Amino acid sequence: MSTFKAPKGTYDLIPPESAKFLAVREALSAPLRRSGYGYTETPGFENVELFARGVGESTDIVTKEMYTLTTKGGDELALRPEGTASVLRAALEANLHKSGNLPVKLWYSGSYYRYERPQKGRYRHFSQVGAEAIGAEDPSLDAELIILAHDAYRSLGLRDFRILLNSLGDKECRPVYRAALQEFLRELDLDEETRARIEINPLRVLDDKRDSVQKQLVGAPMMRDHLCEACRSYHEQVRELLTSAGVTYEDDPKLVRGLDYYTRTTFEFVHDGLGSQSAVGGGGRYDGLSEMIGGPALPSVGWALGVDRTVLALEAEGVELELPPATEVFAVPIGDEARRVLFGAVTELRRQGVAADFAYGGKGMKNAMKSANRSGARFALLVGERDLTEGVAQLKDLGSGEQTAVALDRVVTEVRARLA
Ligand code: AMP
């Protein structure tokens, strides 16, 4: 072991578990790639102000959880705690919104950093797959994103997740509601920090997980009773589109989420097998964000799904992903000449798309066969001196133990036929 360990709140992805993460990333993004979303990559760090303005000065993410640094040149940067602000910044910087082709639909996948108190499902470094549809106000777009996330989870075999849905109103009706909520909250028996929150972001108080707070929230005014006509009708259309797509959801009038920029549609995917860190993904509409970061008005909607928690959810449900085998054929040479010939066969197998590996390091036959079995390969391909003189290789089925001699120049054809 080295004297160093992975930093607190982080973990390494190593084989064979790492294959699961790759498969989850692939499955979460597959529906997006079929729906007009283009791949986007942005830097792992940004100007700290982008998040302060974009995520919100009063959010836990910005006040407590950001990894910030000052560069030698004096720039104030932050490791990205989420993807939306960066992706929107990138879209604006590249003038994608001026292409005359709105919405701009983008997807991304990568690492995010939050200085949180680590626990199962909550890490300081984690992975998300995200999607943003920028520059259109259309209930079908909100519905599309929710349906795509739903279908992605289903394609992985997940069943025990629920979709929580709410509308947070817009710049017309939200301020009126906010004032009514503040009036209600100011009368409650709350600690200093929560009282301060009432003045900065009262909606977030609804999201307080403590029983002592939740008990007092009975009878609190709810956004859904204060939605203006435009927001009410918009939300109703989103709900209808989800229902006709066969996607079930629960109306959750208290769902607010931890970021400041949401308007109208807000949703969260929760999994019941995960304990307290139950949100596997979430998102919503953010019509004001572009203006907050200095851009034009661009109503948009998006989501981010957590890869780490999706893997935990699969484990909680006992879902085994069908992963392609890392190695299909493992080559075992006996002797130097066999090594040269077999290495050539392995190279050819790989070029023909067969996952093949080789007993490196001059191992003896016994150790080489151990490696072959450990690799999970279906076949071992053995060549010894006598095989060389006969121009054959022994193809051994590692499941049944059955072994057949195959002409060396027919190895690739034979292996591919057997694997098919
Ligand atoms: P959020 O931007 O907070 O809504 O996060 C979206 C998704 O990312 C969540 O639903 C989680 O699945 C995942 N996520 C957020 N924070 C963490 C974390 N600290 N550790 C692991 N996953 C996280």
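Within the range 259-285, the set of residues being over 22 Å from residue 152 (Cβ atoms) and surrounded by fewer than 19 Cβ atoms within 10 Å (Cβ to Cβ) comprises 275, 276.
For the range 97-111, a tally of residues being open to solvent by less than 60 Å² (accessible area, probe 1.4 Å) and either of a type in the set (A, V, I, L, M) or without any contact (Cβ under 8 Å) to a residue 60 or more places away in the chain (or both) returns 2.
Residues in the range 288-307 that are open to solvent by less than 30 Å² (accessible area, probe 1.4 Å) and out of contact with any His (no Cβ under 9 Å at 6 or more places or on another chain): 288, 289, 300, 301, 302, 303, 304, 305, 306, 307.
Once the range 231-243 is narrowed to residues that are of a type outside the set (A, V, I, L, M) and open to solvent by 30 Å² or more (accessible area, probe 1.4 Å), the residue that is nearest to residue 164 (Cα to Cα) is 239.
Each residue in the range 261-275 was checked for being in a loop (DSSP other than H, G, I, E, B) and within 12 Å of the ligand (Cβ to nearest atom), and 3 of them qualify. The number of residues in the range 53-74 being out of contact with any strand residue (DSSP E or B) (no Cβ under 7 Å at 6 or more places or on another chain) and more than 24 Å from residue 131 (Cα to Cα) comes to 6.
Within the range 122-161, work out how many residues are out of contact with any Asp or Glu (no Cβ under 7 Å at 6 or more places or on another chain) and closer than 26 Å to residue 62 by Cβ. Looking only at that region, the number is 12.
Taking the numbered list (1) more than 16 Å from the ligand (Cβ to nearest atom); (2) open to solvent by 10 Å² or more (accessible area, probe 1.4 Å); (3) part of a helix (DSSP H, G or I) in turn, residue 246 passes all entries but (3). Within the range 319-331, does at least one residue satisfy the condition of being under 23 Å from residue 166 (Cα atoms) and in contact with a Leu (Cβ under 7 Å, 6 or more places away or on another chain)? No: zero hits.
Residue count for the range 157-184, restricted to those that are part of a loop (DSSP other than H, G, I, E, B) and in contact with a helix residue (DSSP H, G or I) (Cβ under 9 Å, 6 or more places away or on another chain): 9.
Filtering the range 213-230 to residues that are surrounded by 11 or more Cβ atoms within 10 Å (Cβ to Cβ), out of contact with any Pro (no Cβ under 6 Å at 6 or more places or on another chain) and in a helix (DSSP H, G or I) leaves 213, 214, 216, 223, 230.
Within the range 352-373, the residues that satisfy the criterion of being surrounded by fewer than 21 Cβ atoms within 10 Å (Cβ to Cβ) and more than 22 Å from residue 420 (Cα to Cα) are 360, 361, 362, 363, 364, 365, 366, 367, 369, 370, 371. Flag: residue 56 matches the condition of being under 18 Å from residue 302 (Cα atoms), assigned by TED's automatic domain parsing to the domain that holds residue 115 and touching an Asp or Glu at 6+ places or on another chain (Cβ under 6 Å). Against the test of being closer than 24 Å to residue 289 by Cβ, open to solvent by 60 Å² or more (accessible area, probe 1.4 Å) and outside the structural domain of residue 374 (by TED's automatic domain parsing), the options 26, 76, 65 yield a single qualifying residue, 76. Scanning the range 308-329 for residues that are more than 19 Å from residue 249 (Cα to Cα) and either surrounded by 22 or more Cβ atoms within 10 Å (Cβ to Cβ) or within 16 Å of the ligand (Cβ to nearest atom) (or both) yields 308, 309, 311, 312, 314, 315, 316, 317, 329.
The values are calculated or read from the model by the stated rules, or taken from the named source; none is laboratory data. What you see is a predicted model; the values in this text were computed from it and never measured. No Cβ is skipped: glycine too gets one built from the backbone with ideal geometry, and neighbour counts run over all protein chains shown. Accessible surface is based on the protein model in full, side chains and every heavy atom, while ligands, DNA and RNA are left aside. Shrake-Rupley method; radii C 1.70, N 1.55, O 1.52, S 1.80 Å.
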